Amino acid sequence: MTRAKNRFSRRLAVGLLGLAGLLAATVGLGAPVHGIALYGQPKYGPDFQHFAYVNANAPRGGEARFAAIGGFDTFNPFNIKGEAAAGIGQLFETLLTESKDEPFSAYGLIAESIEVPDDRGSVTFAIRPQARFHDGAPITADDVLFSFETLKAKGSPFFRLYYANVAKAEKLGERRVKFTFAPGENRELPLIMGQMPVLSKKYWENRDFAATTLDAPVGSGPYRIERFEPGRFIVYQRDGNYWGKDLPVNRGLHNIDRLRYDYYRDVVVALEAFKAGAYDLRLENSAKQWATGYDFPAFTKGLVKKETFSRQLPAGMQGFAFNLRRPLFQDARVRQALAYAFDFEWSNRNLFYNQYTRTRSYFDNSELAAQGLPSPEELALLEPLRKELPPEVFTAAYAPPVANDDTQLRANLQKALQLLQDAGWTFRDRKLVNAKTGEPFRFELLIAEPTWERIALPFARNLERLGIEMSVRLVDSAQYENRLRDFDFDVVVNVWGQSLSPGNEQREFWSSAAADQPGSRNLVGLKNPAVDKLVDRLIAAPDRASLVTRTRALDRALQWNFLVVPHWHIPYDRIAFWDKFGYPGITPLHGVQLDAWWIDPAKDGALSQQRNAGSGKAN
């Protein structure tokens, strides 16, 4: 099941040019504004009443139940220890919040206004006087500064890399805080700082922030923890005294009174629980289940609905990701060869019911994806890095191998074998071995969901034809997360999600600095000076046109480094739900927004009646 993203980790980006400290005498101080955009002006003016993709008059009340897989052992989602409880991000608010029908704009949440000078070298936030933590204490500049320092020093690597260009953080008053940026262009930084979750200094300063905890934390968001059993379930109650409930950015959101997450051993058990009515809504990520798994009485009777919701975000990259820290995968020819053994076309026909499109770009389904040969503008970026990039970046358009029939698959396996031989591998006794050491070619695919077994096993059979042994190891979610954090794997299934305005998060995905930081999202361990430079150029893009060009250049460098065996994507979300919900008629640019749904009293009542009738209970 697709993991719900915590609110604190939703990407916000903004067009801000970081030249902090330079030409201070001529830099104009920005007037306070209600919102900012990466490029140009935000869509919504200072007097807007609510976002266009919500129902501002949605009824409030009811309970929604969801499923989570594995377990949880912490309510601190900001460090790398333990497994955070599903939905825990709803306890914590940020300075700004993103709108979902713009490429990259954000509006005041905890902050009532934002000030950005002409040179975009700093950002100043004024905190709303009504902003409160759950214990009733006001949110102050001290809390904001404490949050910044604590997240950077003790939080996950994500925060250290995200805040790397903040040169100074200072308190200007009880409710004003300023962040000054290091010299250099970085147009995202003001919104990145606005994305920061604000923690209660009073609550956290005498606690070990780097540890796991099951003490309910003091937050400032629309929900509080009502009750829980570690690893089994957690229930959140909407806070009737939530200070931000009437803000324009929140109208039509957080409509459901109680949110319950029950934990299941795996996705197979979770689907059966859904059919039995144990929970209300599931985001389906299995093509087979979507095509065949919902033939049960409640669906036939119309009590359960299946809907797709389009999204216009880049598809990102999902694939079998190699750990380049392992000597076995340090030769790019080996990584390229293994991709020839994956038969996507067979899998799409036989496993996926032809629902998917093959992924070829890290930014598919968007204008950011590299197409054809590099443009003159891309070449201007790439030429100075030619010695550090694969030559194909300049001469060919990347496309993953295609096998529409057995003849093409055999040809692909022949290409794979030639690449492996060129890399120093040879056949002995029907096994592929290192020509110098005699070491057999074997590795492990680590997975946490049994769904991947049926996808991986055909891949393993094709590898076996090359003399390669790929074992598939299924582990529980806790072990899986720990091994990923420590980079203790050969190959895993990974997803790099992307936004319409990529920026500073690319450092954590691909930079050399992130490769050796446990818990970072540079899972493959890429260390490439050219990629580092391309990421820096992308972050410094001064306008949308240059951002597109620089993202395409980065895309080419990633494609031709053969970091993954690319998988597939679809341009929509698949959601199955018991028919008790209402939802807006508009699906915004970023896709379906579940926090804008509500419990429809009439539907909920009718559903309860039909369930009771089916179970023989009196109405």
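The values are calculated or read from the model by the stated rules, or taken from the named source; none is laboratory data. Keep in mind that what you see is a predicted model, and the values were worked out from it rather than measured. Cβ sites come from the backbone with ideal geometry, for glycine too, and all protein chains shown count toward neighbours.
Screening Thr292 against (1) in contact with a Phe, Trp or Tyr (Cβ under 7 Å, 6 or more places away or on another chain); (2) loosely packed, with under 15 Cβ neighbours inside 10 Å leaves a single unmet condition, (1). If you go through segment 278-297 one residue at a time, do you hit one that is under 22 Å from Ala64 (Cα atoms), charged (D, E, K, R), more than 23 Å from the chain's Cα centre (by Cα) and in a loop (DSSP other than H, G, I, E, B)? Scanning segment 278-297, I find at least one residue that is under 22 Å from Ala64 (Cα atoms), charged (D, E, K, R), more than 23 Å from the chain's Cα centre (by Cα) and in a loop (DSSP other than H, G, I, E, B), so the answer is yes.
When segment 356-369 is filtered for residues that are part of a loop (DSSP other than H, G, I, E, B) and in contact with a Phe, Trp or Tyr (Cβ under 7 Å, 6 or more places away or on another chain), the ones remaining, listed by number, are Tyr356, Thr359, Arg360, Tyr362, Ala369. What are the residues in segment 257-272 that are of a type in the set (A, V, I, L, M), touching a residue at least 60 places away in the same chain (Cβ under 8 Å) and within 22 Å of Val475 (Cβ to Cβ), if any? Once the filter is applied, which keeps residues that are of a type in the set (A, V, I, L, M), touching a residue at least 60 places away in the same chain (Cβ under 8 Å) and within 22 Å of Val475 (Cβ to Cβ), segment 257-272 yields Val267, Val268, Ala270.
For segment 173-204, taking the residues that are modelled with pLDDT under 95 and among the charged types (D, E, K, R), the one that is surrounded by the most Cβ atoms within 10 Å (Cβ to Cβ) is identified as Glu188. Count of segment 527-559 residues, restricted to those that are surrounded by fewer than 19 Cβ atoms within 10 Å (Cβ to Cβ) and either polar (S, T, N, Q) or assigned to a loop (DSSP other than H, G, I, E, B) (or both), is 5. Apart from one condition, Arg265 fits all of (1) among the basic types (Lys, Arg); (2) within 15 Å of Arg574 (Cβ to Cβ); (3) modelled with pLDDT under 95; the exception is (2). Does Ile599 qualify as being closer than 20 Å to Arg251 by Cβ, of a type in the set (Val, Ile, Thr), over 19 Å from the mean Cα position of the chain (by Cα) and surrounded by 16 or more Cβ atoms within 10 Å (Cβ to Cβ)? Criteria met by Ile599. Restricting attention to segment 202-228, the residues being farther than 30 Å from Ala278 by Cβ, basic (Lys, Arg) and in contact (Cβ under 8 Å) with a residue 60 or more places away in the chain number 1. Taking the listed residues Leu474, Leu500, Leu484, the one that is under 28 Å from Arg550 (Cβ atoms), outside the structural domain of Tyr264 (by TED's automatic domain parsing) and not charged (D, E, K, R) is Leu500, with no other qualifying. Residues in segment 605-613: is at least one more than 30 Å from Tyr353 (Cβ to Cβ), among the polar types (S, T, N, Q) and part of a loop (DSSP other than H, G, I, E, B)? Within segment 605-613, not a single residue is more than 30 Å from Tyr353 (Cβ to Cβ), among the polar types (S, T, N, Q) and part of a loop (DSSP other than H, G, I, E, B). Among the residues of segment 422-440, write down those that are touching an Asp or Glu at 6+ places or on another chain (Cβ under 7 Å) and closer than 24 Å to Gly319 by Cβ. Hit for segment 422-440 is Ala423, nothing else.
Pick out the one residue from Arg611, Arg574, Arg544 that is modelled with pLDDT under 95 and touching a Phe, Trp or Tyr at 6+ places or on another chain (Cβ under 6 Å). Among Arg611, Arg574, Arg544, only Arg544 is modelled with pLDDT under 95 and touching a Phe, Trp or Tyr at 6+ places or on another chain (Cβ under 6 Å).
Check Ala545, Ala557 and return the single one that is over 30 Å from Ala298 (Cβ atoms), out of contact with any strand residue (DSSP E or B) (no Cβ under 7 Å at 6 or more places or on another chain) and touching a residue at least 60 places away in the same chain (Cβ under 8 Å).
Numbers: Ala545 fails: touching a residue at least 60 places away in the same chain (Cβ under 8 Å).
The match here is Ala557.
Evaluated against (1) in a strand (DSSP E or B); (2) closer than 25 Å to Ala216 by Cα; (3) of a type in the set (Lys, Arg), Lys152 falls short on exactly one condition, (1). Considering only segment 370-394, state which residues are in a loop (DSSP other than H, G, I, E, B) and either within 20 Å of Leu500 (Cα to Cα) or acidic (Asp, Glu) (or both). Across segment 370-394, the qualifying residues are Ala370, Gln371. Here segment 229-240 is the region considered, the condition is being more than 19 Å from Asp604 (Cβ to Cβ) and in contact (Cβ under 8 Å) with a residue 24 or more places away in the chain, and the residue that is surrounded by the most Cβ atoms within 10 Å (Cβ to Cβ) is Ile234. Among the residues of segment 345-377, the ones that are free of Cβ contacts under 8 Å to residues at least 60 places away in the same chain and either buried (at least 18 other Cβ atoms within 10 Å of the Cβ) or under 20 Å from Asn561 (Cβ atoms) (or both) come to 2 in all.
Of (1) over 21 Å from Asp476 (Cβ atoms); (2) crowded, with 20+ Cβ neighbours inside 10 Å; (3) modelled with pLDDT of 95 or more, Ala315 satisfies all except one. Which? Ala315 satisfies all of (1) over 21 Å from Asp476 (Cβ atoms); (2) crowded, with 20+ Cβ neighbours inside 10 Å; (3) modelled with pLDDT of 95 or more except (3). Every test in (1) at pLDDT below 95; (2) among the polar types (S, T, N, Q); (3) in contact with a Phe, Trp or Tyr (Cβ under 8 Å, 6 or more places away or on another chain) is passed by Thr451 save one, and that test is (3).
For segment 169-190, the criterion of being assigned to a helix (DSSP H, G or I) and under 30 Å from Ser511 (Cα atoms) is met by at least one residue. Within segment 395-432, being surrounded by 15 or more Cβ atoms within 10 Å (Cβ to Cβ) and part of a loop (DSSP other than H, G, I, E, B) holds for Tyr398, Pro400, Pro401, Ala403, Ala423. On the basis of being of a type in the set (Asp, Glu), in a strand (DSSP E or B) and surrounded by 14 or more Cβ atoms within 10 Å (Cβ to Cβ), does Glu449 make the cut? Spelling it out, it is not the case that Glu449 is of a type in the set (Asp, Glu), in a strand (DSSP E or B) and surrounded by 14 or more Cβ atoms within 10 Å (Cβ to Cβ).
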